[in-house]
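Enquirer: My questions will all concern the structure given below.
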């Protein structure tokens with residue numbers, strides 16, 4: 001069926017859109033004023049939120065995404081996404097198969113720097129079919145952009161925290177020149193539940209001459225440090241070899257998201 005093939009071939013947009021990760025956070029303002037809605041916008045009787053067909057403000061990237069897809073404009077598709085989103089489709093995954101029409105959008109919820117938007121979208125196929133989609137929209141340098149999206153009937157995973165982590169390697173802290181200590185520090189962004197943040201990767205080892213918090217892979221931040229929350233200024237130390245890849249992985253239910261990755 002042609003519609004099913006379209007959804008499969010645009011899977012980099014559709015099926016991976018419910019995951020998310022952030023390694024930088026420079027765009028979320030402390031406060032934000034509401035956009036002026038165009039005359040065609042109405043108020044959703046169920047949610048009390050603004051809806052419209054003009055695609056301005058928070059809904060603009062949804063219209064931009066599907067307009068670019070219809071025009072077979074890959075660069076335009078990429079521009080609709082937040083630059084830190086892991087859900088931007090690869091060019092090799094794209095297959096353009098007709099006009100996708102955004103019939104209606106409605107803002108379901110709104111907070112500083114983020115929003116959830118529902119959209120009714122008509123997909124081309126053997127008899128065009130309209131489906132309801134949910135979008136996670138976030139601010140970047142004053143503009144609203146797509147972080148992730150998926151079909152409403154499939155549900156969406158919880159959004160991952162937005163946080164920035166920095167690392168510092170000390171090769172003189174251990175007895176062996178082939179090992180060292182990697183200090184990872186939360187330098188800004190959301191407060192994270194330490195029990196849901198795990199240190200994983202390769203080259204994570206026990207080291208001589210030092211007592212790092214983490215000496216083996218798949219260690220929860222909470223169990224390693226005793227912290228209940230990971231906040232700005234909080235650090236963790238990891239024993240590593242000279243060739244390492246260390247990831248901070250956030251788990252929420254069945255969702256697993258890499259928040260940061262460090263290599264040496």
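Enquirer: What is the distance in Å between the Cα centroid of the stretch 98-150 and that of the stretch 240-264?
Expert: 30 Å
Enquirer: Order these peptides, 220-230, 237-247, by their mean beta-carbon neighbour count within 10 angstrom, highest first. Walk me through the numbers before you get to the answer.
Expert: Working: 220-230: 17.5, 237-247: 19.2.
In decreasing order of mean packing, 220-230, 237-247 become 237-247, 220-230.
Enquirer: What shape does the stretch 163-263 have by the C-alpha gyration tensor, where a ≥ b ≥ c are the square roots of the eigenvalues, rounded means a/c under 1.5, and otherwise prolate means a/b greater than b/c and oblate the rest?
Expert: It comes out prolate by the Cα gyration axes.
Enquirer: Starting from the Cα of residue 166, step 7 Å along the direction of its Cβ; do the same at residue 202; then give the gap between the two resulting points in nm.
Expert: 2.9 nm
Enquirer: Normalising by the residue count of the stretch 163-263, find the relative contact order in percent from Cα pairs under 8 Å and 6+ residues apart. Mind dumping the intermediate values first?
Expert: Numbers: 261 pairs, mean separation 31.1, N = 101.
Value for the stretch 163-263: 31 percent.
Enquirer: With a Förster radius of 30 Å, plug the Cβ-Cβ distance of residue 229 and residue 109 into 1/(1 + (r/R0)^6) and report the FRET value to the nearest 0.05.
Expert: 0.80
Enquirer: For residue 96 and residue 120, compute 0.36 nm times the residue count separating them, minus their Cα-Cα distance, and round to one decimal in nm. All intermediate terms of the calculation are to be shown ahead of the outcome.
Expert: Numbers: separation 24, 0.36 × 24 = 8.64 nm, distance 1.95 nm.
Difference between extended and current length: 6.7 nm.
Enquirer: Using a 7 Å offset from the Cα along the Cα-to-Cβ direction at both residue 178 and residue 193, what is the distance between the two label points in nm, to one decimal?
Expert: The answer from the label model is 4.0 nm.
Read the figures in this text as sums done on the coordinates, not as results from a lab. These numbers come from a predicted model, not from an experiment. Cβ coordinates were reconstructed from backbone atoms using ideal geometry, including for glycine residues, and neighbour counts include every protein chain displayed.
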